[in-house]
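Everything on this sheet refers to the single structure shown next.
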Amino acid sequence: MTNPSRRALLGAALGGAVAATAGLPATAHAASWKLRWSPSASGDGLGAFETVEDDRADSHPAGQPHIFAEGDNFRFNMHTVDRDTATDRQRQEVTGLRTGSGSYLKWLPGETWRVTYRMYIPDSLKATTSFTHIMQMKQPGNGTSPIVVQSLRRVSGVQTIELKLPVAGILVGRTDLEPLQNKWIDVDFRITIGDGTSGSVRWILKDGSSTVIDRSKSGVDTLLADRVRPKWGIYRSLGDTSGSLRDTHLLLTGMRGHQLV
């Protein structure tokens with residue numbers, strides 16, 4: 001009996017490989033970021049957002065609007081006389097990611113989202129001893145606790161910018177604020193929405209080509225109920241003891257929302 005030819009052996013091997021992989025997908029695709037939201041301040045105006053919370057208590061009509069499109073930027077003005085419906089604090093914020101008339105994106109359990117934008121913090125917008133939030137992640141609805149906050153906080157007299165998970169009291173990261181004021185900086189925030197220990201966040205700040213801070217936290221709770229909705233603007237307590245409250249503003253531009261798919 002003659003030995004089988006090399007071609008026959010190769011054919012048998014290939015046939016076995018095909019049989020072993022039968023029923024499996026031909027290719028496996030890695031997850032990637034899909035752009036879902038890319039508003040233009042000059043084109044979309046405040047229609048870029050799900051809701052606008054501009055002087056909800058009508059405390060300062062002469063200063064209205066406090067939130068508006070200014071060229072390619074979204075501008076948030078805050079005056080020392082402004083008051084929210086809870087009079088111990090001030091709030092000029094927008095919420096959510098609107099993609100069309102009556103349509104907005106819902107961030108749901110198990111999903112991973114990313115928002116990137118450029119931010120200008122003038123030196124008149126100072127860190128305080130009490131809360132000054134410039135980004136929040138919340139469950140929609142009145143009286144819900146923030147899930148994530150990006151805040152300007154004085155720590156031992158030093159002005160800092162930080163990211164915190166306030167319900168669990170977890171500090172994700174913190175860096176000096178003053179070197180980042182009076183210039184455009186880049187924000188990259190990512191969140192996996194999950195209950196218990198199934199959530200995660202990542203926070204990156206860049207000053208030009210330099211990464212100022214890049215911090216992550218996994219195994220954390222990033223869901224209260226229903227869904228998560230981002231907020232931007234100025235939300236600050238009047239309980240500051242450092243004398244840091246001023247008439248001020250915040251600028252945001254180039255806002256983008258991506259979903260990991």
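The values are calculated or read from the model by the stated rules, or taken from the named source; none is laboratory data. Small disclaimer: the values here were computed from a predicted structure and weren't measured. Please note: Cβ atoms are built from the backbone with ideal geometry, for glycine as well, and neighbour counts cover all protein chains shown. These area figures cover heavy atoms from the full protein model, side chains too; ligands, DNA and RNA do not enter into them. Shrake-Rupley method; radii C 1.70, N 1.55, O 1.52, S 1.80 Å.
Brief remarks on what is shown
- Net charge contributed by nearby residues that have their C-beta within less than 12 Å of VAL220 (K/R +1, D/E -1): +1
- The mean sequence separation of alpha-carbon pairs under 8 Å and at least six residues apart, normalised by the residue count of the chain, gives a relative contact order of 27 percent.
- Here the peptides 161-174, 53-66 are ranked by packing, the mean other Cβ count within 10 Å, and the order with the highest first is 161-174, 53-66.
- Rough spin-label spacing in nm, given labels placed 7 Å along Cα→Cβ, for ALA31 and ALA225: 2.7
- For the stretch 61-124, averaging the sequence separation of C-alpha pairs within contact (under 8 Å, six or more residues apart) and dividing by the residue count gives a relative contact order of 16 percent.
- Spacing of the modelled spin labels on THR87 and VAL261, each 7 Å from Cα toward Cβ, amounts to 4.9 nm.
- For the stretch 45-142, fraction of C-alpha pairs farther apart than 21 Å, in %: 41
- The alpha carbon centroids of the stretch 190-219 and the stretch 243-261 are separated by 16 Å.
- Eligible lysines near LYS217 by straight Cα distance, threshold 27 Å, same-chain separation 8 or greater: LYS34, LYS106, LYS126, LYS138, LYS164, LYS206, LYS231
- Label-to-label distance, nm, for residues given as SER198 and LYS106 (7 Å Cα→Cβ offset): 1.7
- FRET efficiency for the ALA57 to ARG118 pair, using the beta carbon distance and R₀ = 25 Å, is estimated at 0.25.
- Sorting 223-229, 204-210, 93-99 by their mean Cβ neighbour count within 10 Å, with the most densely packed peptide first, gives 93-99, 223-229, 204-210.
- Between 0 and 90°, nearest 10: helix 6-20 axis offset from the chain longest Cα axis: 40
- Taking every C-alpha pair closer than 8 Å and separated by at least 6 residues, the mean separation divided by the residue count of the stretch 92-245 gives a relative contact order of 31 percent.
- The stretch 119-211 - Rg (one decimal) and Dmax (whole number), Cα, Å: 13.8, 40
- Solvent-accessible area per residue in the chain equals 48 Å², computed with a 1.4 angstrom probe and all protein chains kept.
- Hydrodynamic estimate: the Kirkwood radius of the chain over Cα pairs, inserted into Stokes-Einstein at 10 °C and 1.306 mPa s, corresponds to D of 78 µm²/s.
- For the chain, the carbon plus sulfur part of the accessible surface works out to 49%, probe radius 1.4 Å.
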